[in-house]
Amino acid sequence: MTDRGLVDRLAELAVVVGANVQAGQVVTVGANIGQGKLARAIAEQAYRRGARFVDVSYFDPYVKRARIELAAQDTLDGVPSWYRARVRALAETRSARISLAGPTEPEALRGLDPDRLGRDQLPWLNEWMEVIQSRTVNWTVVPCPTEDWARLCFPELPEPAAVERLRREIAHVCRLDEPDPATAWRARAAELGQVGARVSELRLDALHLQGPGTDLTIGLLPSSSWLSAKATTVDGLEHLPNVPTEEVFTSPDPERVDGHVRSTRPLVLADGTLVRGLEVRFERGRAVAIEADEGAAVLRGRAVQDEGAGRLGEVALVDRSSRVGRLETVFYETLLDENAASHLALGDGFREAVDEDDAARVNRSGIHVDFMVGCAELDVTGITRDGRRLPLLRDGAWQI
Amino acid sequence: MSGDDLARLAELAVAVGANVQPGQVVGVTAEYDQHEFARAVAAAAYRRGARFVDVWYFDPLVKRARIALAGEDTLDYVPPWYGERVLSLGRERAAVISIRGSTVPGALDGLDPARAGRDQLPFLRESMTVINDRSVNWTVVAYPSPAWARLCFPELSEDEALARLWRELLHVCRLDEPDPLAAWDERLDVLARTARALDAARFDAVHLEGPGTDLTLGLLPSSTWQMARWETAGGIRHLPNVPTEEVFTTPDPERVDGHVRSTRPLVLADGTVVRGIEIRFEGGRAVEIRADEGGGVLQGRAAIDEGACRVGELALVDRESRIGRLGTTFFETLLDENAASHIALGAGIAFAVADEADRSRVNTSAIHIDLMVGSPEVDVTGITAAGERVPVLREGAWQLPAVHEA
């Protein structure tokens with residue numbers, strides 16, 4: 001596949017299937033310096049679909065580095081008012097949003113003081129969470145292959161081979177190697193939708209995760225229901241928030257999480273910090289101990305940022321038919337890695353996963369950090385209100 | 001270019017150009033491929049104590065996609081948050097640094113000029129508001145890109161062209177002086193004396209005469225001559241352009257008559273190159289605009305609103321300009337306008353008139369496009385209210401005696 005071919009096809013997938021851009025919409029694209037090629041291709045595809053304006057905003061991790069290194073300590077959590085106003089305006093104007101994922105410039109934030117780094121969350125803004133919850137924006141996140149990313153995933157390969165392999169694997173997990181990717185995604189989204197509906201019908205009281213280094217019980221809220229790939233805006237626009245997506249997920253009871261859990265894949269935070277070998281112990285919902293082989297301090301900084309940052313907002317189950325999981329590549333990118341394996345998220349939960357009575361109980365936070373805990377050896381068991389144990393995942397396969 | 005040159009150019013932009021103050025927010029506008037310099041500017045600003053550096057990257061190739069593909073009726077739409085950011089920078093009393101030097105010259109080549117003319121980005125009309133109310137200390141600086149260097153020096157290899165552009169830019173920015181700050185002070189003092197001498201002469205009009213040019217521009221009764229060392233309303237000194245070599249005023253938009261020929265090419269904000277411009281004015285309006293190249297886009301701009309075809313600025317540049325003496329055409333208004341006397345179509349400069357009564361007569365428009373019309377062959381003559389003709393520039397040299405009295 002030529003580079004041009006992949007970039008154009010990814011752009012079309014993002015615009016047509018991911019965000020489902022409508023004629024007359026403003027489309028905002030969030031990209032890093034280094035992702036210009038795909039951002040421009042997305043602008044072209046969006047204008048072809050009749051977009052009114054495509055607002056590409058580029059984030060530069062090296063400008064962030066200059067801030068963390070040089071700015072006064074007491075300024076590091078400040079964000080200009082217009083950053084927040086812009087995000088709210090996107091919701092008010094019912095804009096579409098396409099974010100590009102994938103590491104660029106992995107060295108940009110290396111060696112910085114984790115305390116200082118933890119205080120600056122950009123490019124993340126809490127207002128995005130409000131926009132997502134309000135379902136006013138048809139949004140998607142798609143992967144953007146770059147040379148930097150290829151080197152990170154496949155350090156043992158010479159660069160051209162690494163780039164080629166990353167491109168091939170991204171094409172595969174995005175189903176761009178199917179004759180009709182849009183139809184392939186409709187079919188997979190329907191499948192995941194059925195799984196979510198069946199688990200929801202079990203009206204489970206809790207989940208039990210058991211595997212190497214993991215023994216964790218996660219209480220669910222009375223009305224917790226399981227969501228998947230497809231989302232719908234308040235105006236009825238269907239979109240796929242993540243491309244690719246392989247998960248079914250819900251928001252747990254943030255007061256009833258007990259035990260310990262070990263991550264099965266590395267995770268990369270929004271600012272590029274790598275966290276490996278994570279171990280978290282929970283007591284009555286709170287993460288009371290966070291250890292890791294690498295990156296623990298930055299994650300601890302995040303987890304104390306607000307009251308909800310040390311509690312769970314999401315539990316997601318991924319079965320072994322996931323194209324991402326079957327590749328066994330570690331992508332160092334949550335968008336892909338979270339779809340390889342069952343995972344949990346510290347921080348903000350999904351109000352749309354519960355009914356109105358429980359909405360106030362869903363965890364709230366300015367952060368949402370996914371970490372992968374699933375693997376073939378992890379058994380996932382449902383516990384009903386009357387204490388029965390129902391196998392959900394064994395050897396990575398659905399048991400329901 | 002060495003890393004040292006990059007850092008010195010960034011330091012000049014931050015310390016001399018914008019004069020960033022501790023605790024200020026700094027807005028930076030850069031093109032996608034200028035990120036190396038934008039990062040150096042951010043680092044220099046944080047070293048001076050900036051509170052936050054907000055870099056807005058503009059991508060000329062995203063603009064190309066729009067001009068090529070977007071619906072006709074959407075082309076002049078700008079999302080409200082673009083202008084809101086600029087007005088917020090004003091309310092915050094921020095510093096603003098814009099980086100010039102096209103990274104993709106000809107980004108819009110082959111597209112319909114009428115469509116291209118309707119999209120003014122990255123220019124925003126709100127910028128004129130915060131400039132006119134003097135709420136931000138701002139500067140415009142240039143940064144050499146390989147593509148820009150090729151445009152300036154097509155006869156050189158790519159490496160040589162880039163090295164030469166760096167050398168010339170460091171020279172015109174006086175960064176090859178032992179003490180660039182002192183060199184700038186000295187030059188700016190000459191420009192300040194020139195502006196005072198022009199004010200003292202109280203001209204009613206200015207007459208430009210040279211090959212292809214015979215143009216009379218009336219001034220407003222209280223038009224004053226300015227040079228580009230400014231102060232914000234809060235008293236922060238800054239250089240709006242680095243480099244700067246001009247003294248300028250805002251004319252009477254109703255009293256411009258005759259014809260004028262450009263003496264250097266101009267590159268519009270979107271990268272369109274306009275060469276060989278000829279404009280005829282009647283009663284202040286540009287009634288005829290033609291050019292050897294790029295005329296269509298310029299005509300589009302001049303029709304964007306009522307004031308776009310009238311003159312908002314008249315600027316005089318003498319032969320001591322470092323840019324003029326180089327003889328290089330930079331295809332970049334920031335540099336080329338400082339090589340030669342020029343006029344601007346569009347928005348005037350409200351603070352360049354002294355009386356409140358004249359303020360409402362200053363031209364208003366969403367555009368401001370500088371056209372270079374000066375050369376050693378263009379005589380500049382002041383005309384007093386009594387009809388007396390006073391030589392101002394001959395062979396590029398100031399003729400007003402007070403200019404030369406230190």
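Using C-alpha pairs under 8 Å with a sequence gap of at least 6, the mean separation divided by the residue count of the stretch B:131-227 gives a relative contact order of 16 percent. Counting, for every residue in A:340-350, the Cβ atoms of other protein chains within 10 Å of its Cβ and taking the mean gives 0. Only Cα pairs under 8 Å and 6+ residues apart enter the sum, and on that basis the relative contact order of chain B stands at 15 percent. Against the empirical curve 2.2 N^0.38 Å, the C-alpha radius of gyration of the stretch A:306-400 lands at a ratio of 1.19. Per-residue ellipticity at 222 nm computed for chain B from its helices equals -8500 deg cm²/dmol, with DSSP H segments shorter than 4 residues left out and the rest contributing -39,500 (n - 2.57).
In this Cβ point-charge picture (+1 for Lys and Arg, -1 for Asp and Glu), chain B has a dipole of about 740 debye about its Cα centre.
Based on C-alpha pairs under 8 angstrom that are at least 6 apart in sequence, the stretch A:261-393 has a relative contact order of 24 percent.
Rounded, prolate or oblate: pick one for the stretch B:180-404, where a ≥ b ≥ c are the square roots of the eigenvalues of its C-alpha gyration tensor, a/c under 1.5 means rounded, and failing that, prolate if a/b is larger than b/c, else oblate. Because its axes are fairly even, with a/c under 1.5, the stretch B:180-404 counts as rounded.
Counting Cβ atoms of other protein chains within 10 Å of each Cβ in B:75-81 and taking the mean gives 5. Averaged over peptide A:82-90, the number of partner chain Cβ atoms lying within 10 Å of each residue's Cβ comes to 4.
Bin width 20 Å, origin at 0, all Cα-Cα pairs of the protein assembly as shown: what percent of pairs per bin? Computed distribution, short to long bins: 15, 43, 27, 12, 2, 0. Give the shape of chain B as rounded, prolate or oblate, defined through the alpha-carbon gyration tensor: a ≥ b ≥ c are the square roots of its eigenvalues, a/c under 1.5 means rounded, and otherwise the shape is prolate if a/b is larger than b/c and oblate if not. The shape class here is rounded. Counting only lysines at least 8 places from A:Lys37 when in the same chain, those with an alpha carbon closer than 26 Å to its own are A:Lys64, B:Lys63. Calculated from the alpha-carbon coordinates, the stretch B:99-203 shows an Rg and a Dmax of 18.8, 50 Å respectively.
Sorting the segments B:36-47, B:194-205 by their residues' average number of neighbouring beta-carbon atoms within 10 angstrom, most packed first, yields B:36-47, B:194-205.
Of B:Ser375, B:Gly387, B:Gly235, which is farthest on the positive side of the dipole of chain B, counting Cα position, with +1 on Lys and Arg Cβ, -1 on Asp and Glu Cβ, and the Cα centre as origin? It is B:Gly235, whose Cα lies furthest towards the positive end. Charging the Cβ of each Asp and Glu at -1 and of each Lys and Arg at +1, and nothing else, the dipole of the protein assembly as shown about its Cα centre rounds to 1080 debye. Remark on A:His368: its backbone amide H falls under 5 Å from those of A:Asp348, a criterion applied only to residues 5 or more positions apart or on other chains, H modelled at 1.01 Å from N. In the protein assembly as shown, a dipole from Cβ-located charges (positive for Lys and Arg, negative for Asp and Glu) runs towards its positive end, and of A:Pro222, A:Phe371, B:Pro180 it is A:Pro222 whose Cα lies farthest in that direction. In a simple Cβ point-charge model (Lys, Arg +1; Asp, Glu -1; nothing else charged), the stretch A:201-398 has a dipole of about 360 debye relative to its Cα centre.
Per-residue ellipticity at 222 nm, computed for chain A from helices alone with -39500 (n - 2.57) per DSSP H run of at least four residues, works out to -9000 deg cm²/dmol. If a/c stays under 1.5 just call it rounded; otherwise compare a/b with b/c (prolate if a/b is bigger, oblate if not). Do that for the stretch A:195-305, with a ≥ b ≥ c from the square roots of the Cα gyration tensor eigenvalues. Since a/c reaches 1.5 but b/c is at least a/b, the shape of the stretch A:195-305 is classed as oblate. Phi angles across the stretch A:280-286 convert, under the Karplus curve 6.51 cos²θ - 1.76 cosθ + 1.60 with θ = phi - 60°, into 3J(HN,Hα) values of 10, 10, 10, 10, 6, x, 8 Hz, Gly and Pro given as x.
Each reported figure results from applying straightforward, stated rules to the coordinates on display, with no laboratory input. All figures in this text were calculated on a predicted structure; none of them were measured in a lab. When we count neighbours, we look across all protein chains shown, and the Cβ atoms used for this are built from the backbone with ideal geometry, even at glycine.
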